[in-house]
Each structure stands twice: as C-alpha cells, then as structure tokens.
Amino acid sequence: MPLTPRSGWPETGVTLETFKDRVAVVTGGASGIGRALALALSREGARLVLADVDEAGMSAVADAIKARGGEAVAVRTDVSSLEQVQSLADRAWGAFGAVHILCNNAGVAVWGGLEAATYRDWQWVIGVNLWGVIHGLLAFLPRMIAQGEEGHIVNTASMAGLVASQGLGVYSTTKYAVVGLSETLAKDLRPYNIGVSVLCPIGVTTRIRESERNRPDALRNPGRQPRSEPVQLMGRTLTPEEVAEQVVIAIRRNQLYILTHPEGLDPLRRRFQRLERAILGQR
C-alpha cells in the first residue's frame, strides 16, 4: 500500500520539544559522535537502541546509560546489510514499540587520491556511508510514518559533503550524496510530521581515522597498507560531546543543516562564488 500524507499535519515540519520517553536509534553508537549522541539523548529522557559492529563498545555505552537509570538496547549491526538493518528495526519496535528519532550516523573513511582508489575501497565506504543511510530509511521510515507520531531523522554527512578536499574523494562522494539525500528527504517528509537534519562537521575527536579496524576482510586491499597520514583538516577540533549538543538543539528546532564549525563559512562562500561566476559566464 502506498504511503500518503496524513491530512491536517503541518507542511513545515515539526519540532520535538521533549525527548522524554521517545525512542532513539543511533547507528555507529559504540564510539565518537554516535556514543555522544546516545548519551546526550538519554540524558534528555530518550530510550536508546544502539547499533554498531563493535559489540564491546556499544555494550559499554548501553551499560553507562543503564547505570544512570536510562533504558538502552545494543544490537550488533553492519549497516551495509539491509537485512541486518531490518533486524535492527525489528528489535527496536520489539523492545520499545516505536521509534521517534533515527540517527544514521555510522561512517568510515579511506584516504588518498581517487587515482589510487580500489574497487574494494568504493564498496566499503559506499556500503557504510551511503547504503547505511539508505538502509536506515528503508527499514525504519515506513514504520515511523505508519505510527503517526512526530519524529526526526539525523543523517551524518560532513563538511566534505559540501566542499571537496584533495585526498578525500571516496569519502566526499558518499557525503555529498548524503547531503543531497537529506535535503530532498526534508521536503518529502514535511507532510508526515517528521523532521530531517544533516550533520556536517569538520574535525571531531573520533576514531574515524582508525576506520580500518572495522573493515571486513573481504573488502581489504591485499598486499597494500592503508595510507597512514590522513588529510589534515582545517579549523578547530571539537569533542563528540560538543557536536552531540548541537544535534540535540537542531532536532528541537527542526533545523536542516547542522554546521558545527564556523570555519567552514569561507570555503562555502568560495564554492558558491565559483558557481555564481560560472552562471554569469565569468572566469
């Protein structure tokens, strides 16, 4: 049966003024931004479903939430697998009967020029960063619409999804796609009372530079060592907790773009100035 907007719902989206007793799903919840998001949402009263391939890490986060009197379930999930994300959705609804906030946050990165990227690099990064978001929407969104309650989706992209950087081509490809997906999704979901945010940070003290630790053996490059010197990022390096605080505010405001670093303004201006000159036929 096709999904149709519910009559009488606002066309401009919704703000979640309280997270108490809401159910939030966070992928990549074992560390970094995902961990900080889970803890921040729990402090606001949400019940958490954590997903990651790092079972020990996400179990530690779940235990920390429970130790403070919160509720949390940890489900090992490889977001590149639609079947596993669908199982995650089943567990979420089975445990709590609803999902109100979906944070498609899991992400990985490879470094180096596109001329050196391998097919396995593309498979791995697209599988997690882009298909992971798509799988989240396929598994959760129809049920979120059907339950008829206000909700919110947060997709983690990057400033590398708005401004290209040399040496980050594979990663940027996925993050540009997540930005475009999120911008369109925000328009599509207005009639359903579900808001959308896309998170675009620059430097954050996460373990994404150690992404290779979770790379499946089948997608490793035989005989090649991963590049050991990741691209140096501009501006300050924020803590995951600082970023999570901004995400909580953005969900409350139904804010589409979450741009965590003011330092990103100048590169964004230069990009759009180049576009403007191209439209005007200038060099």
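Can Ser80 be described as buried (at least 20 other Cβ atoms within 10 Å of the Cβ), modelled with pLDDT of 95 or more and not acidic (Asp, Glu)?
yes
Only one of Val25, Val108, Val75 is of a type in the set (A, V, I, L, M), under 23 Å from Ser158 (Cβ atoms) and out of contact with any Ser or Thr (no Cβ under 7 Å at 6 or more places or on another chain); which?
The unique qualifying residue is Val25.
Given (1) touching a strand residue (DSSP E or B) at 6+ places or on another chain (Cβ under 9 Å); (2) acidic (Asp, Glu); (3) over 30 Å from Val170 (Cβ atoms), identify the lone condition not met by Asp90.
That leaves (1) as the condition not met.
Consider only pairs whose beta carbons are under 8 Å apart and that are at least six residues apart or on different chains; among these, list those whose first residue lies in region 152-171 and is within 19 Å of Ser211 (Cα to Cα) and whose second residue is among the acidic types (Asp, Glu).
Partner pairs satisfying both residue conditions: Val170/Asp121.
Could you say whether any residue in region 133-141 is of a type outside the set (S, T, N, Q), in contact (Cβ under 8 Å) with a residue 60 or more places away in the chain and either more than 20 Å from Ile251 (Cβ to Cβ) or not in a helix (DSSP H, G or I) (or both)?
Within region 133-141, the first condition is being of a type outside the set (S, T, N, Q), and the residues that meet it are 133-141.
Next cut, in contact (Cβ under 8 Å) with a residue 60 or more places away in the chain only: 136, 140.
Narrowing the set further to residues that are either more than 20 Å from Ile251 (Cβ to Cβ) or not in a helix (DSSP H, G or I) (or both) leaves none.
Looking for residues that are of a type outside the set (S, T, N, Q), in contact (Cβ under 8 Å) with a residue 60 or more places away in the chain and either more than 20 Å from Ile251 (Cβ to Cβ) or not in a helix (DSSP H, G or I) (or both), one finds none in region 133-141, hence no.
Outside any helix (DSSP H, G or I) and touching a residue at least 40 places away in the same chain (Cβ under 8 Å): does that describe Ile145?
no
Kindly indicate whether any position in region 213-223 is over 27 Å from Val99 (Cα atoms), charged (D, E, K, R) and either in contact with a Leu (Cβ under 7 Å, 6 or more places away or on another chain) or in a helix (DSSP H, G or I) (or both).
Yes, some residue in region 213-223 is over 27 Å from Val99 (Cα atoms), charged (D, E, K, R) and either in contact with a Leu (Cβ under 7 Å, 6 or more places away or on another chain) or in a helix (DSSP H, G or I) (or both).
If you scan region 109-132, which residues turn out to be part of a loop (DSSP other than H, G, I, E, B) and surrounded by fewer than 19 Cβ atoms within 10 Å (Cβ to Cβ)?
Gly113, Ala117, Thr118, listed by residue number.
The values are calculated or read from the model by the stated rules, or taken from the named source; none is laboratory data. These numbers were taken from a predicted model, which means no experiment stands behind them. When we count neighbours, we look across all protein chains shown, and the Cβ atoms used for this are built from the backbone with ideal geometry, even at glycine.
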